[in-house]
Amino acid sequence: MLKCVIAEDEALLREALVQLLGQVWPELEIVAACEDGGSALEAIAAHRPEVVFLDIRMPGLSGLEVASSLVEAGIRTEVVFVTAYDQYAIDAFERGAVDYLLKPVARERLAGTVGRVRERLARGGPDLQGLQALLQQLAAVAPPQPKAPPLVWLTASRGQETRLILVDDVAYFQADSKYTVVMTADGEALLRKPIRDLLEVLDPNMFKQVHRSTIVNLRAVAGVTRDESGRGSLRLKNRPETLSVSQPFMALFRNM
């Protein structure tokens with residue numbers, strides 16, 4: 001049975017895609033349906049699915065960034081992008097070897113996409129060079145996404161005390177159920193915000209997701225090491241512990 005991973009941050013659209021795939025490709029096993037790019041990247045690395053459906057815009061890692069990491073890691077999987085009406089992207093997809101779906105996904109369009117994906121799988125699988133060329137083209141023509149200024153301060157609690165913490169002083173964030181642990185040089189505090197929401201308000205140039213449950217401040221990193229399996233660990237400047245980096249996220253540290 002072929003395996004599939006879906007990444008879509010909108011729950012209703014994610015559930016609808018799962019249901020439609022069950023109708024048009026019933027023998028496909030959906031091994032993970034993820035709500036963000038980080039979770040999708042780890043699920044793909046763990047399950048090595050034959051096909052993935054990636055929403056282009058998601059919290060944290062976008063679908064394009066997930067696909068780029070897959071290419072760099074040499075993970076061979078057919079990629080189908082899911083997007084709202086972004087003409088710049090659609091023009092590129094029409095000339096490329098990668099399928100796309102417009103939201104909301106129509107059953108007939110999905111059936112056509114499934115047919116093409118199955119044909120490519122029967123011919124030997126994905127064209128990683130073609131995917132890489134498409135990603136480079138999209139990066140060159142993509143319009144800038146308007147965003148609010150990055151978060152500067154945050155309010156977190158330590159016991160009965162509420163603390164105001166400068167974001168630059170944070171070494172890393174660690175997911176803890178529905179909350180997030182904020183680690184600084186002088187200890188930890190609890191933030192009443194899930195980690196996936198933080199990805200939308202932190203400076204993406206300085207804060208990188210290194211695991212589905214961890215975001216690190218690059219200013220706090222003293223060094224990066226990689227083991228034989230491709231996984232990595234981060235040594236911190238002002239904290240004694242090291243942080244594990246999942247193998248698919250190591251591509252984000254290639255220039256360090």
*Only one of (1) closer than 22 Å to residue 58 by Cβ; (2) surrounded by fewer than 19 Cβ atoms within 10 Å (Cβ to Cβ) is not met by residue 249, so which one is it?*
(2)
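Residues to consider are 174, 129, 136; find the one that is within 30 Å of residue 30 (Cα to Cα) and surrounded by 15 or more Cβ atoms within 10 Å (Cβ to Cβ). Let's see the steps before the verdict.
Details: 129 fails: surrounded by 15 or more Cβ atoms within 10 Å (Cβ to Cβ); 136 fails: surrounded by 15 or more Cβ atoms within 10 Å (Cβ to Cβ).
Within the list 174, 129, 136, the selection yields 174.
Pick from the stretch 143-168 the residues that are touching a helix residue (DSSP H, G or I) at 6+ places or on another chain (Cβ under 9 Å) and at pLDDT 80 or above: which of them is nearest to residue 91 (Cα to Cα)? Show your work before the answer.
The initial filter retains those residues of the stretch 143-168 that are touching a helix residue (DSSP H, G or I) at 6+ places or on another chain (Cβ under 9 Å), namely 143, 150-154, 168.
Remaining after also requiring at pLDDT 80 or above: 150-154, 168.
On the way: 150: 31, 151: 34, 152: 37, 153: 40, 154: 41, 168: 40 Å.
So the residue we want is 150.
Quick check: is even one residue across the stretch 194-204 within 24 Å of residue 59 (Cβ to Cβ), in a loop (DSSP other than H, G, I, E, B) and among the acidic types (Asp, Glu)?
Within the stretch 194-204, the first condition is being within 24 Å of residue 59 (Cβ to Cβ), and the residues that meet it are 194-204.
Now drop any that are not in a loop (DSSP other than H, G, I, E, B), which leaves 194, 199-204.
Checking the rest, the ones that are also among the acidic types (Asp, Glu) come to 200, 203.
Checking the stretch 194-204: at least one residue is within 24 Å of residue 59 (Cβ to Cβ), in a loop (DSSP other than H, G, I, E, B) and among the acidic types (Asp, Glu).
Determine, yes or no, whether residue 125 is within 13 Å of residue 51 (Cα to Cα), at pLDDT 85 or above and either assigned by TED's automatic domain parsing to the domain that holds residue 35 or assigned to a helix (DSSP H, G or I) (or both). I'd like the intermediate steps shown before the answer.
Numbers: within 13 Å of residue 51 (Cα to Cα): yes; at pLDDT 85 or above: no; either assigned by TED's automatic domain parsing to the domain that holds residue 35 or assigned to a helix (DSSP H, G or I) (or both): yes.
The answer is no for residue 125.
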_Return the residues of the stretch 175-193 that are among the hydrophobic types (A, V, I, L, M, F, W, C) and in a loop (DSSP other than H, G, I, E, B); say none if nothing qualifies._
185
*Identify, by number, the condition in (1) closer than 20 Å to residue 65 by Cβ; (2) modelled with pLDDT of 90 or more; (3) assigned to a loop (DSSP other than H, G, I, E, B); (4) not β-branched (Val, Ile, Thr) that residue 172 doesn't meet.*
(3)
*When residue 213 is evaluated against the numbered criteria (1) of a type in the set (S, T, N, Q); (2) farther than 15 Å from residue 37 by Cα; (3) buried (at least 16 other Cβ atoms within 10 Å of the Cβ); (4) within 21 Å of the chain's Cα centre (by Cα), which criterion, by number, is the only one it fails?*
(2)
_For the stretch 223-236, give me each residue that is closer than 23 Å to residue 195 by Cα, out of contact with any helix residue (DSSP H, G or I) (no Cβ under 9 Å at 6 or more places or on another chain) and not charged (D, E, K, R)._
233
_Condition met for residue 89 (surrounded by 15 or more Cβ atoms within 10 Å (Cβ to Cβ) and closer than 24 Å to residue 214 by Cα)_ = no
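The values are calculated or read from the model by the stated rules, or taken from the named source; none is laboratory data. Just so it is clear, the model here is predicted, and its values are computed rather than measured. With ideal geometry, Cβ positions are generated from the backbone for all residues, glycine too; neighbour counts draw on all protein chains shown.
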